[in-house]
1. In peptide A:199-210, how many Cβ atoms from other protein chains are near each Cβ within 10 Å, on average?
2. Give me the Å³ per residue figure for the convex hull around the C-alpha atoms of the range A:58-155.
3. Return the Rg/Rh ratio of chain A with Cα-based radii and a Kirkwood Rh.
4. If I model the range B:1-111 as equal point scatterers sitting on the Cα atoms and use the Debye formula, what is log10 I(q)/I(0) at q = 0.10, 0.13, 0.16 Å⁻¹?
5. Can you give the extra length, in nm with one decimal, that the chain gains between B:Glu119 and B:Glu25 once fully stretched, where that is 0.36 nm per residue apart less the Cα-Cα distance?
6. Using only DSSP helix segments of four residues or longer, with each worth -39500 (n - 2.57), what per-residue ellipticity at 222 nm results for the protein assembly as shown after dividing by its residue count and rounding to 500?
7. Just grab the label-to-label distance for A:Ile177 and B:Ala139, each label 7 Å out from Cα along the Cβ direction, in nm (one decimal).
8. Rounded, prolate or oblate: which one fits the range A:140-212, using the alpha carbon gyration tensor with axes a ≥ b ≥ c (rounded when a/c is under 1.5, else prolate when a/b beats b/c, else oblate)?
Amino acid sequence: MKRLIHFVREAVANIRLNRTTTLIAVATTAFTLACFGVFLLLYLNLRSMATSLQSDLKVVVYVKDGTPPPGVSDLQALLKADPGVQALAYVSKEQALADFRAQFPEESHLLQGLGDNPLPASFIITLAPAYRSPDAVRRWADRLKSAPGVEQVQYSRDWIDNLNTIVGYLELAAVGIGTVLSAASVTIIASTIRLTLFARRDEIEIMRLIGATGSFIKIPYLIEGAMLGVMGGAVSLAMLRGGFELFNARLGMPGRFLGIDSGFHFFSGQVAAMILVAGLLLGFVGSVVSVLDLGRAKS
Amino acid sequence: MIQIFHVTKYYERRPALTDVNLQIEKGEFVLLMGPSGAGKTTLLKLLYCATPLDEGQILIQGRNVARLKPSAVPYLRRTMGVVFQDFKLLPKKSVYDNVALPLLVQGLPAFETRRKVMEALKAVGVDHRKESRPAMLSAGEQQRVCIARSIVNSPIILLADEPTGNMDAELAREIVELFKTINARGTTVLVATHNRQVIEQVGRRVVTLDQGKVVSDEGKGL
C-alpha cells in the first residue's frame with residue numbers, strides 16, 4: 001500500500017513538474033479522442049436512426065386486381081403463417097380509395113376519370129425483427145412476389161440501403177481515423193514520458209544504485225502515462241459535449257420542425273466511460289513504449 | 001566477504017585496473033589509497049555493479065558478481081551502503097525522504113522506516129535538518145546525509161568513495177569516527193581516500209593502488 005502511494009505520488013509529482021509537456025500530451029490525446037468521438041457520435045446516432053427506421057419499416061403487398069375473396073383469404077392465411085410477419089393489416093380497394101381521398105382531397109378528381117376504383121387491395125405488413133435487415137427484407141420480398149394473388153411487393157428499400165451504406169462507411173472511417181490518431185497519440189505520450197525520463201535520468205541512476213528494481217523505477221511512469229490518457233479522455237468528452245450542445249442549438253427550430261432533434265443523442269454513460277478507458281489505454285501504451293527504452297538502456 | 005581475483009577493467013582500451021587481487025574479511029576496515037586515477041573509484045564501482053567487469057572474478061558473500069542476472073543486481077546492492085564522492089542525493093526530495101529511499105524500495109512498513117531513518121539521521125547528527133532539501137545544506141551536511149542513507153538499511157558492506165574530500169580536518173575527523181563506529185557494529189567498511197590524515201586516524205589495513213595495480217597491502221589483520 002505504501003509503495004502504491006509512493007508510485008501515485010511520484011506520478012503526480014512528475015505531472016506537476018513537467019506542466020508544458022503534460023499539457024501537450026493531454027491536448028493531443030484529447031484532440032485524438034475528440035476526432036474519433038465525432039465519428040463515433042455520428043456513427044452511433046445514424047445506426048440508432050437506421051435501426052429505428054427499420055423497426056418502422058412497413059412492407060405493402062398489393063393484391064392482384066380480380067383476385068376472388070377466397071384467393072385473398074388464402075394469401076392472408078399464407079402471410080399469417082409466415083415467420084417473417086409480425087403483424088398485418090388488410091386494406092380493401094374501398095378502404096384504399098377512402099384513404100386516398102382523405103389524404104389528398106384536392107387530387108381526388110384525378111381518380112374520377114379512371115372509371116372504377118383503380119386502387120388495388122393490399123396487406124400492410126410489419127416484419128419480425130429478424131427480417132428487418134436490408135438483405136433479409138429483400139429476400140423475403142423476392143420470395144413473396146411469386147405467391148398466388150400477389151401483384152407487387154413494395155417498401156422503401158433504397159432509402160434504408162443508402163442509410164446503411166453510410167453507416168458502414170462511417171464505421172470504416174471511424175476505425176481508420178481512430179487507428180491513425182491513436183498511433184499519433186501513443187507516440188506523443190511516449191515522447192512526453194521520454195522527456196520526463198531524460199529530465200530525471202540522474203534520479204533514476206541514483207534509484208538504481210541504492211537497489212531499486214526496474215519495476216520500482218518504471219511503475220510511476222506507467223501510472224503517469226495512464227493519468228495523462230484519462231485526463232485527455234475527460235477533456236475530449238468535455239469538448240464533444242460542448243460541440244454537441246452547440247450543434248443542437250444551431251439545429252434549433254428547423255431541426256425540431258424536421259423532427260431531427262429527437263434523433264440525436266450524446267454518448268451514454270457506458271460509452272463515455274469507454275472513451276475514458278480508451279484514453280487510459282493510449283496513455284499506458286505510450287508510457288510502456290518509452291519505459292521499454294529505459295529497460296534496454298541499463299540494468 | 002569480498003574476494004577479488006585477477007580483476008582487469010578497461011576504459012576505452014586503456015586499463016583502469018590490471019590484475020587486481022584482494023581478499024577482505026567480514027568486519028574488516030580497509031582503506032584504499034592512491035593518487036587520482038589510481039583506480040580506487042573503478043574498484044568500488046565494480047563492487048556495487050555500476051560498471052561491468054572485463055576480466056577476472058569478484059565474489060561478494062560467495063556470489064559471483066560477473067554472473068549475476070541484471071534482475072539480481074538490485075538485491076545485491078541492497079546488502080551494501082555506498083557513500084558517493086558526489087553524494088548523489090535527490091535534489092527535489094527532503095533529507096528525510098532521501099534517507100528513507102533504500103527502505104522504501106525494500107518495502108519496509110512506515111513505522112519501521114520512520115524509526116530507522118531517525119536513528120540514521122541522529123547517528124550522523126543531521127536529524128534537525130530532516131525537512132530541508134539537499135541544496136539548503138553545506139557540503140559536510142550533504143555528506144552526512146549520504147552516509148545516513150548508506151547505513152539506514154544496516155548494510156553488511158559499506159563502500160565510501162573519498163568521503164572526506166572537500167572537508168576541513170575537523171569535519172573529516174568526525175566522519176572517520178562515524179565509519180569506525182559503523183565498523184564496530186560488524187559492518188565491513190571499504191573507504192577509498194587519498195587523505196593521509198584518515199589513514200593515521202583509522203590505523204587499520206591500507207591497500208595502495210597506483211596506475212590500476214595493487215602496489216602495497218599493509219596492516220592486514222589489524
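1. Working: counts 0, 2, 0, 3, 6, 0, 2, 8, 6, 6, 11, 20.
Counting Cβ atoms of other protein chains within 10 Å of each residue's Cβ and averaging gives 5.
2. Numbers: hull volume 9.9 nm³, N = 98.
That works out to 101 Å³ per residue.
3. Values: Rg = 30.9 Å, Rh = 24.4 Å.
Over the Cα atoms of chain A, Rg/Rh equals 1.27.
4. Each listed q corresponds, in turn, to -0.36, -0.60, -0.86.
5. Working: separation 94, 0.36 × 94 = 33.84 nm, distance 2.70 nm.
Contour length minus the Cα-Cα distance gives 31.1 nm.
6. Values: 17 runs with 296 residues, N = 521.
Calculated at 222 nm, the ellipticity per residue is -19000 deg cm²/dmol.
7. 6.2 nm
8. Working: a/c = 12.52, a/b = 5.01, b/c = 2.50.
In terms of gyration-tensor shape, prolate.
Just so you know, all these numbers are worked out from the coordinates, no wet-lab data involved. Given the structure is predicted, the values throughout are model-derived calculations rather than measurements. Reconstructed Cβ throughout: ideal geometry from the backbone, glycine too, with neighbour counts over all protein chains shown.
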